[in-house]
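Participant: Questions regarding the structure given below will be posed in turn.
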Amino acid sequence: MLVAYLAGAAVVALVVGGGAALQPVYGSDEPYGGTTFQEVRQSPSPSGWSVPLAEEFAPGLPTDCPGFRAGGVDARHEIVTATLPPAGSTGSDAACEVSSPSTPGHLVMIDPQTGRITWRRSLERDLGMQVFSVVWHASRSAGAVVVGVAGSRGDYLLSLDTATGRTVSSTRVDAPDDAINFAVSGRLVVSVAPDIGGAVNTYSLRRIDRLGDRLWSRSISSVLFPQLLPDRLVVPLPDRTVSVDGATGAETAWKHDLRDLEGVRVSGETVVAQTVPKGVGLQPSVVLLDRTGRTLWSRPAPSISGLTVSRGCVVLETGSERVTCLDPADGRARWSTAVAGSVVGTPEGSTTSDVETIGPVHARDTALTVSELDGESGRVRFQTSLPRGAAVVGQSTATGYALGTSSATGASTLLAFDLASGRTLWTLSRGQLDVWGGRPVEITRRGVARELVDGRGEPGRGMLVG
């Protein structure tokens, strides 16, 4: 869908030649990915909600002991886990050691809008064992979070209801890799366990609500890569490609052969890929396939170096440093722009169909350039500079956010930039910074998560001034 840019109602006018006032132009689409990012236009302060994470995860230990990792499910659900320093630590970390830490097996779900803990789970208590590691992936459409647990008495997969935390289904798995290497789409879970030599991978397909029933399993060469769609698993075999039904596990022929494709991207219920030329002088094409493998369109595309799906384009990168937008409806080239760097696509929360590129980065560069291309015309709307190692993590209507972590100090840098001009609005550099559900968050050295709020108004007011 193409975006019609509308002028923001509460924006500061830019003065152009001749003294005429021109208002910045922002987007008006629904937030891309479903999460609305807050408008924080001035350097924020930690005056929103707060959550004492250290007390939640490691009561009785020094508050700077646990390290925290958070991940978003959607705008109202952020999962937080924690770790402690490994056994044998010296110095100040020695005070953090406990004989049987329960911290890795503790899950907390937080509502980023209010800071309220909506549920908590102790997997150590539930499974009756010490937990060594936890991996999780969420399915928004299924309303569930699938958790892989490696522990002292075995390895497990559990699916938890996103809203309540209750167990939907659980099962013990045969191999530790099944609880680590898995993916989720729709109501399906696929896990993969390599053999000792790494030449063969065993894939298993399950449903989120019936994890104990393995629908399908097969060992295939490690150079072949299945693709998970919301209702099926597409599997390349040595002589053909099959579709594994997500309800029954039955294999049927898929209408295209994955072995003839590379750069495969699953986008909803469609597959975008580049064909592998077979024959001297032949050129690759970009193809869009439906979930059955039927070709919806095919367009010649020589010298492809990258393939990305954005809100309104199938985006090609070529060796000539050009970015080309193909219309997802028919594969027609809508525009082509000369720009260097790698294509990121449409940022989370964006209210436009813009296409973002980043880089290139050279060995001695301390900063990198982000370019925002108009999704309708391909023109460069703005450019902005980010510290090396930072990445754009989302956009509101008028404000973009980038986050990076120093490899030397571990300190985070969070910055905001204007989506009409690219100018930096503010930069914070300290401790642990993050964005939860579209809201900037700081985790202090005392283990407290605090919402960072624009100093001019209450949280979530969404002002566009400044």
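Participant: With the cut-off at 44 Å, report for the chain the share of all Cα pairs above it, as a whole percent.
Facilitator: 17 percent
Participant: By average Cβ neighbour count within 10 Å, what is the ranking of 412-420, 236-244 from highest down? If you can, show how the numbers build up before the last one.
Facilitator: Details: 412-420: 22.3, 236-244: 16.8.
So the order, starting with the most tightly packed, is 412-420, 236-244.
Participant: Through the Karplus equation 6.51 cos²θ - 1.76 cosθ + 1.60, θ set to phi - 60°, convert the phi angles of the range 334-341 into ³J(HN,Hα) values in whole Hz; use x for Gly and Pro.
Facilitator: Along the range 334-341, the couplings run 8, 7, 9, 10, 7, 7, 8, x Hz.
Participant: How far apart, in nanometres, would the label points at Thr409 and Gln23 be if each is projected 7 angstrom from Cα along the Cα-to-Cβ direction?
Facilitator: Placing both labels 7 Å along Cα→Cβ, they lie 4.1 nm apart.
Participant: Stretched out fully, how many nm does the piece from Ala199 to Thr248 gain, at 0.36 nm a residue minus the Cα gap?
Facilitator: 14.8 nm
Participant: If the convex hull of the alpha-carbon atoms of the range 102-255 is projected onto planes in all directions, what is the mean projected area in square nanometres?
Facilitator: 9.9 nm²
Participant: Still on this structure, I have one more. Round to the nearest 0.05 the FRET efficiency obtained for Ser267 and Thr63 when R0 = 60 Å and r is the Cβ-Cβ distance.
Facilitator: That gives a FRET efficiency of 0.85.
Participant: Take the Cβ-Cβ distance between Ser217 and Ala333 as r, set R0 to 41 Å, and report the resulting FRET efficiency rounded to the nearest 0.05. All intermediate terms of the calculation are to be shown ahead of the outcome.
Facilitator: Working: r = 42 Å, r/R0 = 1.03.
The pair Ser217/Ala333 has a calculated efficiency of 0.45.
Participant: Also, I was wondering about something else. Under 5 Å between amide H atoms, partner at least 5 residues away or on a different chain: which partners does Gly48 have, H built in plane at 1.01 Å?
Facilitator: Glu451, Val453
Participant: Starting from the Cα of Thr318, move 7 Å in the Cα-to-Cβ direction to define the label point; list residues of the range 342-373 whose amide nitrogen is under 17 Å from there.
Facilitator: Label zone hits: 342-343.
Participant: Determine the gain in length on full extension of the stretch Ser122-Val280; use 0.36 nm per residue of separation and subtract their C-alpha separation, reporting nm with one decimal.
Facilitator: 50.9 nm
Participant: Non-local amide H neighbours of Ser285 (under 5 Å, H modeled in plane, Pro and chain starts lacking H): which ones?
Facilitator: Residues meeting the criterion, in which the H sits 1.01 Å from N, are Thr275, Ala301.
Participant: Can you give me the Cα centroid spacing of the range 104-127 and the range 194-221 in angstrom?
Facilitator: For the range 104-127 versus the range 194-221, the Cα centre distance is 29 Å.
Participant: Let me ask you something else. Just to confirm my numbers, what's the Cα centroid distance between the range 323-373 and the range 394-442 in Å?
Facilitator: If you average the Cα positions of each part, the centres end up 20 Å apart.
Read-outs throughout are calculated quantities, based only on the coordinates presented, and are distinct from any laboratory measurement. Treat the numbers as computed from the prediction; the structure is a model and nothing was measured. Counting neighbours? That spans all protein chains shown, and the Cβs are built from the backbone with ideal geometry, glycine included.
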